[in-house]
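This report concerns only the one structure given below.
The values are calculated or read from the model by the stated rules, or taken from the named source; none is laboratory data. As the structure is a computational prediction, the values presented were derived from the model and not from experiment. Because the Cβ atoms are built from the backbone with ideal geometry, glycine has one as well, and the counts that use them run over all protein chains shown.
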Amino acid sequence: MSKEEISLFDDQEFEIGHKKYELKAIDDDGHLIKSKARVQHHGEVFTPKWMVKKMLSEPAIQEKLHNLHATFFEPSAGEGAFLKEILHQKLNYVDQISNKTTWKSNALWALMSIYAIELLKDNLTRAKKAMLGIFVNHYQAFMQRELSINTDLYKSAKFVINANIVQGNTLTYKNDKGTLIKFSNWIPTGNYQVSREEFTYKSLFNNGDIEDTDANDGQLSLFDEFKSDDKVAKLTMVTKVYKG
């Protein structure tokens with residue numbers, strides 16, 4: 001056999017290149033307003049990235065960011081300036097405490113802890129897309145493989161984002177369809193299982209509505225805990241929550 005024939009079977013000839021996945025910086029185009037009309041009609045002014053980071057750097061907030069189940073609520077999400085950074089920092093913590101077996105469930109718990117309302121649909125779409133992109137990026141950087149849209153994990157992440165990040169008006173407690181804004185409370189039950197409770201945003205407030213028997217005292221902020229006393233739903237696996 002000639003040297004030329006031997007070279008055809010050289011390992012180098014058949015070496016497969018592996019793509020290296022790395023964490024990406026969070027996108028930020030730096031704009032604070034989209035138009036004067038939107039400022040006038042909706043009071044829309046976005047929070048700059050430096051301010052988001054400064055607010056989240058407070059020790060008490062950092063403690064929550066290092067707790068998978070500590071909840072965050074953004075009543076006026078915009079394009080997701082806070083949502084993106086909160087998710088990114090929570091997933092950084094997930095990366096630190098997880099192995100390849102526990103990462104999926106831990107990452108979904110982190111995602112389940114973030115809630116938001118946004119009035120304008122274009123902003124809502126951008127915020128949800130950005131959050132899903134951050135989730136996928138962290139998965140791929142940690143696992144060093146692509147996350148297919150056909151996997152249970154991808155479908156569950158998308159399902160949670162759609163359940164937790166919703167369209168609505170925080171002043172009327174309703175969405176564009178005229179129905180009360182609803183959220184899901186995700187309750188860990190052990191063995192990588194979760195129960196899901198639905199509750200209305202309005203039920204979190206003491207708003208003088210006699211019929212609103214579940215209302216709580218006070219007002220909500222970005223860093224308040226979400227709680228619900230509704231009936232517990234059936235159990236599902238965390239990584240297959242979209243099937244529940």
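Within the option set LYS100, LYS53, LYS104, being touching a helix residue (DSSP H, G or I) at 6+ places or on another chain (Cβ under 8 Å), more than 21 Å from PHE199 (Cβ to Cβ), of a type in the set (D, E, K, R) and without any contact (Cβ under 8 Å) to a residue 40 or more places away in the chain holds for one residue only, LYS53. State yes or no: is ILE6 modelled with pLDDT under 80, over 20 Å from VAL238 (Cβ atoms), loosely packed, with under 14 Cβ neighbours inside 10 Å and in contact with a helix residue (DSSP H, G or I) (Cβ under 6 Å, 6 or more places away or on another chain)? So ILE6 does not fit the description; no.
In this structure, PHE82 does satisfy being within 18 Å of ASN67 (Cα to Cα), at pLDDT below 95 and either in a helix (DSSP H, G or I) or not aromatic (Phe, Trp, Tyr) (or both). Go through the residues of the range 113-123 one by one and say whether even a single one is surrounded by fewer than 22 Cβ atoms within 10 Å (Cβ to Cβ), of a type in the set (A, V, I, L, M) and free of Cβ contacts under 8 Å to residues at least 24 places away in the same chain. No; the residues of the range 113-123 include none that is surrounded by fewer than 22 Cβ atoms within 10 Å (Cβ to Cβ), of a type in the set (A, V, I, L, M) and free of Cβ contacts under 8 Å to residues at least 24 places away in the same chain. Scanning the range 114-128 for residues that are of a type outside the set (A, V, I, L, M, F, W, C) and in contact with a helix residue (DSSP H, G or I) (Cβ under 9 Å, 6 or more places away or on another chain), we see that the one that is farthest from ILE187 (Cα to Cα) is GLU118.
Of the residues screened, ALA141 is one that is surrounded by fewer than 22 Cβ atoms within 10 Å (Cβ to Cβ), aliphatic (A, V, I, L, M) and more than 25 Å from LEU235 (Cα to Cα).
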